[in-house]
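Notes follow the structure.
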Amino acid sequence: MGGAVLATSGLVAAAEPARAGSAAQPGQSLGLPVGAQIPHGVYWITTTNFGVRDTGPGVTPLNVNATTLAWATPWDILGGRLQLFAAGSYSAVRPQDSDWQSGLGQPLLAAQLAWDLGNDFGFSYLLGGYLPSQTGFATQTSSLTHRFALSYVGNDWNLTGHLFYGQFLDTTSKSGVVYPDYMNLDLTATKKFGKWQVGGVAFTSTDLPTGVAGSRPQGQIAVGGLIGYNFGPVNLQAYVTRDLIDRNYGGRDTRAWLRAVVPLYQDKQEAAPGRTLVTREQAR
């Protein structure tokens, strides 16, 4: 792999209005080789996205601004590299052309183990928790997130599948909103050309059955394209996604995303020269 960006495991603590749906924003990890090991160091990742959902007769715009601090530790557990994350976000939404609402999203704390499987393949498992929110804007109950990723990072490719499984600790809020467990899948297929990265992305999300009469599970399938550039050390990515199918969202969403990955500290023994987010082993 040449110059691929940091495998943050999609730790964007997306804020959502207090309603049923995924605690993790679908599509948040697109473009990242989240199954691969991160070079030892400390990283800052900031991601913003803005989109409009066609919820006729009006539209519903949503903006999510997320920041993540990642530490790829020098320790291994069960043969996997230990990687720690802390994330938070601030978001704003304007339902059906009404007044804007904004607030802090749920903080996320997580730990990940990432294994080098050889032949440029990597696998990771993350366990994290969204802390309860009292803002009245984001989901207010705590939840667990399990994330499984498989990446191929050879020959300047990034081929990654990233599966999210979320479990809410309380299934119903004080106001009676039902919180279903959920599954998301982010898919990335990009290739590096020098400092440039281009390719396709797609994601799907679905609420899992709750057994509650009258519940309306949400789901979607979206596709898009990605372009990135490695400025060394800062790595930028931009991608656009559009829903092909939506279920109970009230309309299809078109969304633009921008991400920056900044290494605050990196082990120079492990990072390849001029390739700040690639291990020496992956650069061979």
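The values are calculated or read from the model by the stated rules, or taken from the named source; none is laboratory data. Values in this document were obtained by computation on a predicted structure and should not be read as measured data. Methodologically, a virtual Cβ is constructed for each residue, glycine included, from the backbone with ideal geometry; neighbour enumeration extends over all protein chains shown. Surface accessibility is based on the protein's heavy atoms, side chains included, excluding ligands, DNA and RNA. Shrake-Rupley method; radii C 1.70, N 1.55, O 1.52, S 1.80 Å.
See the values below:
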{"quantity": "Strands (runs of 3 or more DSSP E) (entirely within the stretch 62-157) containing at least 3 residues that are under 21 Å from Asn49 (Cα atoms) and touching a residue at least 40 places away in the same chain (Cβ under 8 Å)", "calculated": "80-93, 101-104"}
{"quantity": "Selection from the stretch 181-215 of residues that are of a type outside the set (Lys, Arg), modelled with pLDDT of 95 or more, over 23 Å from Leu163 (Cα atoms) and in contact with a strand residue (DSSP E or B) (Cβ under 8 Å, 6 or more places away or on another chain)", "calculated": "Trp196"}
{"quantity": "Breaking point among (1) within 25 Å of Phe121 (Cα to Cα); (2) modelled with pLDDT of 95 or more, for Arg255", "calculated": "(1)"}
{"quantity": "Any hit, the stretch 161-179, residues being among the aliphatic types (A, V, I, L, M) and part of a loop (DSSP other than H, G, I, E, B)", "calculated": "yes"}
{"quantity": "Any hit, the stretch 221-230, residues being open to solvent by 50 Å² or more (accessible area, probe 1.4 Å) and farther than 15 Å from Gly27 by Cβ", "calculated": "yes"}
{"quantity": "Failed condition for Leu264, given (1) within 20 Å of Gly41 (Cβ to Cβ); (2) of a type in the set (A, V, I, L, M); (3) surrounded by 15 or more Cβ atoms within 10 Å (Cβ to Cβ)", "calculated": "(3)"}
{"quantity": "Test for Gly166: is it of a type in the set (Gly, Ala, Ser) and surrounded by fewer than 16 Cβ atoms within 10 Å (Cβ to Cβ)", "calculated": "no"}
{"quantity": "Options Trp100, Trp115, Trp157; residue that is open to solvent by 50 Å² or more (accessible area, probe 1.4 Å) and closer than 20 Å to Tyr43 by Cα", "calculated": "Trp115"}
